[in-house]
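No value in this document is a laboratory result; all are computed from the given coordinates. Note that the structure is a prediction, hence the values are computed from the model and not measured. Here the Cβ positions follow ideal geometry from the backbone for every residue, glycine too, while neighbour counts run over all protein chains shown.
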């Protein structure tokens, strides 16, 4: 096996170059032939040096970047003027002060233990009680299920019976519409309620429900019975959902009705009462009048078969069981995870049984997560001031332009698309919006304060404050129902290690949090940046043309803009990817990848790699060869592919690996390296891999 070393240029010996080289070399296992197992070649030593921490089920470069961001937010939330003990009226004038006050209240377990019960009991009164905590065994309840769930959705963003929200209409993307979708299940995914090998998870979950009910004051015998009934209902609910690998065709999922039509079609749930309850405190922003619904109000359902089955399921169970399930889910998601001992210990036992952690996480982790999700633009505003270099924005803009050019070039080279479909695809690329780093208004404190002016902190009352934040967060979403879609709105904050493609708005989004090493650094050789954030850019662009994104046109509407001949060819090429990945086995647990559920992400990984490499070669044509990193005897092309692979360095415990394979739409790290690189002719050339070797198989698959 020979690797061609070239480009013998001057060696860069600055501290940053030495540090970068050390990270690369310390991660590699150079004793392994890169053409045999590139993941082991790139990450072998990294895995040896990074044991899974006791408070997590996995460790990876990607997760470590998230940990670094969490730590940065922790320091920012703890530094600056002390807000606890300050004037509440003054604190409530500034978004960042509210965020800091919330964070500090979240840390104060003593204070939470003195205040939580009062808030808990107030909420239960609005719910009509919690049958499990009452002595009566009356199967009837004091509140209609539709009203109860409507309150939970409007005040707490509940999604345990089904998801109900406001979002852009997939077929009229300038307008918002009501949407109904499947619920978010507490046990990861529907398989965990069905399979014999997940019995331990179900037992641990039922034990958690029972133990928490007892801690809340339930009779142990009632807690035993009700925990079983709740699990039975949740299992039946899971059973009527459709598995995610059957839900990729959004055009097939999408069905539009009026409220009057769904009342008639699904009569066992009072839909008008439900939606009226959700919107009873919501006004039209401009006219300040209540939002009201008539029978002709349009509503989109993702997956009518689920709603039809739910309509048949609800009458089978006593209302008391349904109320117990809904109230349990509310407590589990909104209260339990933040309560100190003995509740925290009960949650920890549950997590430990599932191998999610062997020791409890330090409390600050959860507190950072809570405030970053509830006030993302407030936390982002302080994060970008201290941890984002605007030079990154200019460099990433340049990279996006080159990668989009590369995509168009590759499009022109394809012979499976008709001329008309190519023209539409180019138009979609041309009109694709780009959001990089953070929205400009985060530099304006007044604008950020205005965004959160309705958020109120209550002195020494964590849950009252948290629930008010929940309600305001949800109110902001619900109020959009009579408003046009704001295409300048960011779908996420900047303090986030992720990237997005939004099909409704045909835009790619790269928050400041992902524009950090290992994905990007202004000090990296450009080959590494193109192999890092460049592949991510290409990945998100490709999502606009994967098995789901291709269904949307340039304006974000579901429309068949591909002709039938092109669709047939696309399906053939996508099936090649699906079958290829379905034959991959994650050696750690000897379990096959689900090529169907991961298909969209695999298409994007393969396309993103090819586009980023093509763009890098375009960039390189007009630039001098950079200095070599000390001790890294690799060409710039080899460095491109190595950095791509090292992004995915990581390891999981066996239970987490099984969970990921059953629930994630992404392939695990070793497969995200093996799949795209073994399909890449450019990689095979860069590493001089013989044809027929594991990393250069004769049969390759790709769509873009």
| query | What label, among (i) 344; (ii) 172; (iii) 160, belongs to volume of the Cα convex hull per residue in Å³ computed from the structure on display? | reply | (iii)
| field | Beta bridge orientation in segment 80-377: antiparallel %, DSSP, nearest 5 | value | 80 percent
| task | Please work out the Cα center distance from segment 602-638 to segment 524-538, rounded to the nearest Å. | result | 7 Å
| How much length, in nm to one decimal, is gained on full extension between residue 171 and residue 576, taken as 0.36 nm per residue of separation minus their Cα-Cα distance? | 142.8 nm
| P(r) for segment 279-320: what percent of alpha-carbon pairs falls in each 5 Å bin, starting at zero? | 5, 16, 13, 15, 16, 16, 11, 6, 2
| query | What fraction of the Cα pairs in segment 65-214, stated in percent, has a spacing above 26 angstrom? | reply | 57 percent
| Sorted largest first, extent of segment 80-377 alpha carbons per principal axis (Å) | 52, 51, 40
| note | By the mean-Cβ-within-10 Å protection proxy, highest first, 335-343, 13-21, 542-550 rank as 542-550, 335-343, 13-21
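Arrange 293, 530, 127 by Cβ neighbour counts within 10 Å, fewest through most, would you?
293, 127, 530
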| note | Length gained if residue 197 through residue 126 is fully extended, taking 0.36 nm per residue and subtracting the Cα-Cα distance, is 21.6 nm
| query | Based on the Cβ-Cβ distance from residue 700 to residue 482, what FRET efficiency comes out when R0 is 60 Å, to the nearest 0.05? | reply | 0.75
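Could you work out the relative contact order of segment 53-175? I mean the mean sequence separation of Cα pairs under 8 Å and 6+ apart, divided by the number of residues, in percent.
Averaging sequence separation for qualifying contacts and normalising by length gives 11 percent for segment 53-175.
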| query | Using mean Cβ contacts within 10 Å as the protection proxy, how do 604-616, 411-423 order, highest first? | reply | 604-616, 411-423
| message | I'd like the antiparallel share, as a percent to the nearest 5, of DSSP beta bridges with both residues in the chain. | response | 75 percent
| When averaged across all projection directions, what area in nm² does the alpha-carbon convex hull of segment 488-552 cover? | 4.7 nm²
| remark: One checks the Cα atoms of segment 578-704 and finds Rg and Dmax, in Å, of 15.8, 49
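In deg cm²/dmol, rounded to 500, what helix-only [θ] at 222 nm does the chain give when every DSSP H run of at least 4 residues adds -39500 (n - 2.57) and the total is split over its residues?
Taking each H run of at least 4 residues, the total per residue is -16000 deg cm²/dmol.
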| request: Sketch the reach of a paramagnetic label on residue 430 as a point 7 Å from Cα along Cα-to-Cβ, and name the residues of segment 369-405 whose backbone nitrogen lies under 14 Å away. | output: 405
| query | What number, in percent, do you get for the relative contact order of segment 80-377 if the mean sequence gap of Cα pairs under 8 Å and at least 6 apart is divided by its residue count? | reply | 24 percent
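Which of 264, 229 comes first, and how do the rest follow, when ranked by fewest Cβ neighbours within 10 Å?
Numbers: 264 12, 229 18.
Going from least to most buried by this count: 264, 229.
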| For segment 609-658, the fraction of alpha-carbon pairs in successive 10 Å shells from zero, as % | 19, 40, 23, 13, 5
| Along each principal axis, Cα extent of segment 522-569, largest first, Å | 46, 24, 12
| query | Taking the Cα atoms only, what angle lies between the long axis of helix 564-582 and the longest principal axis of the chain, rounded to 10 degrees? | reply | 90 degrees
| Give me the Kirkwood hydrodynamic radius of segment 94-171 in Å, from all C-alpha pairs, to one decimal place? | 15.9 Å
| query | Taking only Cα atoms, what is the 0 to 90° angle, nearest 10, from helix 636-647's long axis to the longest principal axis of the chain? | reply | 20 degrees
| query | For helix 462-478, what angle does its Cα long axis make with the longest principal axis of the chain, in degrees from 0 to 90 and rounded to 10? | reply | 70 degrees
